[in-house]
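The values are calculated or read from the model by the stated rules, or taken from the named source; none is laboratory data. Because the structure is a prediction, the values reported are computed rather than measured. Note that we place each Cβ from the backbone using ideal geometry, even for glycine, and neighbour counts take in every protein chain shown. What goes into the accessible areas is simple: the full protein's heavy atoms, side chains included, and nothing from ligands, DNA or RNA. Shrake-Rupley method; radii C 1.70, N 1.55, O 1.52, S 1.80 Å.
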Amino acid sequence: MARVSQEHLDARRRQILDGAARCVSRNGFHATSMQDILRECGLSAGAVYRYFRSKEELITAIADEAFSGIRAAFAEAAETTPPPAPDVLLGRVLRRMLVEEVPGGDRQAFARLIVQVWTETLRNEELAAVLGDGYSGMRQAWAELVEAYRVNGQMEADVEADHVARTLIATAQGFIVQQALFGDVRVEVLEDGLRALMSMRDPKIS
């Protein structure tokens, strides 16, 4: 029997993840069955179950993949001196998630999938654990960048780093919800809005 290349295995895994993302974003998590995913992918049950044993495993893998992309963006930022400002970095993260590397190819559909995953964590402990780990990792990454901003004189030290981190994460989550509900929300809009807010000055301070 001929050996299957790693490239082929990776491509097949990508095919399955993209098919699952399309199905769940279109039909909803609970209304999507593994049979629906098999039909969407055009693959046999054996081909899919070789990679994923359940719908829950598929969704967990999609969530893990999204967090991996976010971690990569933060890792790149950590190597830059001075680090990119929040509007630039947040735009870079969201562009990677919703423009450049979108499972299924439809960014509004993928944003809807993310919102559904958030909802599913309220009843699925395994998925909640994955999301919790990812959220904790993002908070830590942002907090470390806040410290780098302070070292470089880009930000005052009068607010806890974790408070800044939570605010920026909430901004990204709100953007994803807008994309899910309304579609065609350009990342440039978020970047421009953050840049304007960051430029504000207290008129009482000369």
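So with the 1.4 Å probe, I'd like the accessible area per residue for the chain, rounded to whole Å². Can you show the working numbers first?
Details: 11690 Å² over 206 residues.
With the other protein chains kept in place, the chain gives 57 Å² per residue.
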Go through 116, 61, 30 and say which Cα lies farthest out towards the positive end of the charge dipole of the chain; charges sit on Cβ, +1 for Lys and Arg, -1 for Asp and Glu. 30
With the 8 Å Cα cutoff and a minimum separation of six or more residues, region 10-167 has a relative contact order in percent of 25
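Leaving out ligands, DNA and RNA, and with a 1.4 Å probe, what % of the accessible surface on the chain is carbon or sulfur? All intermediate terms of the calculation are to be shown ahead of the outcome.
Values: 6120 of 11690 Å².
Exposed carbon and sulfur together represent 52 percent of the surface.
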Explain nothing, just the number: dipole magnitude of the chain about its Cα centre with +1 on each Lys and Arg Cβ and -1 on each Asp and Glu Cβ, in debye rounded to the nearest 20. 620
Per GNM of the chain with C-alpha springs under 10 angstrom, the most fluctuating residue out of 184, 106, 87 is 184
Measuring from the longest principal axis of the C-alpha atoms of the chain, the long axis of helix 55-78 (C-alpha) lies at a number of degrees, nearest 10, equal to 30
Need one number: nm distance between label points at residue 152 and residue 195, each 7 Å from Cα along Cα→Cβ, rounded to one decimal. 1.6
So which residue, out of 47, 180, 196, gets the largest mean-square fluctuation from a GNM of the chain using Cα contacts under 10 Å as springs? 196
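Which value at 222 nm does the chain reach when only helices count, each DSSP H run of 4 or more adding -39,500 (n - 2.57), with the total divided by all residues and rounded to the nearest 500 deg cm²/dmol?
Values: 9 runs with 144 residues, N = 206.
After summing the helix terms and dividing by the residues of the chain, the value is -23000 deg cm²/dmol.
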Any idea which of 175, 8, 86 is furthest toward the positive side of the dipole for the chain, if Lys and Arg beta-carbons carry +1 and Asp and Glu beta-carbons -1? 8
Give me the net charge for the shell around residue 16: Cβ to Cβ below 13 angstrom, other residues only, Lys and Arg +1, Asp and Glu -1. +2
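Can you sort 130, 88, 48 by 1.4 Å-probe accessible area, starting with the largest?
Values: 130 25, 88 60, 48 0 Å².
Result of the area sort, largest leading: 88, 130, 48.
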How high is the FRET efficiency from residue 54 to residue 140, r the C-beta distance, R0 30 Å, rounded to 0.05? 0.50
Just for the Cα atoms in the chain, what are the lengths along the principal axes, largest first, rounded to whole Å? 73, 37, 30
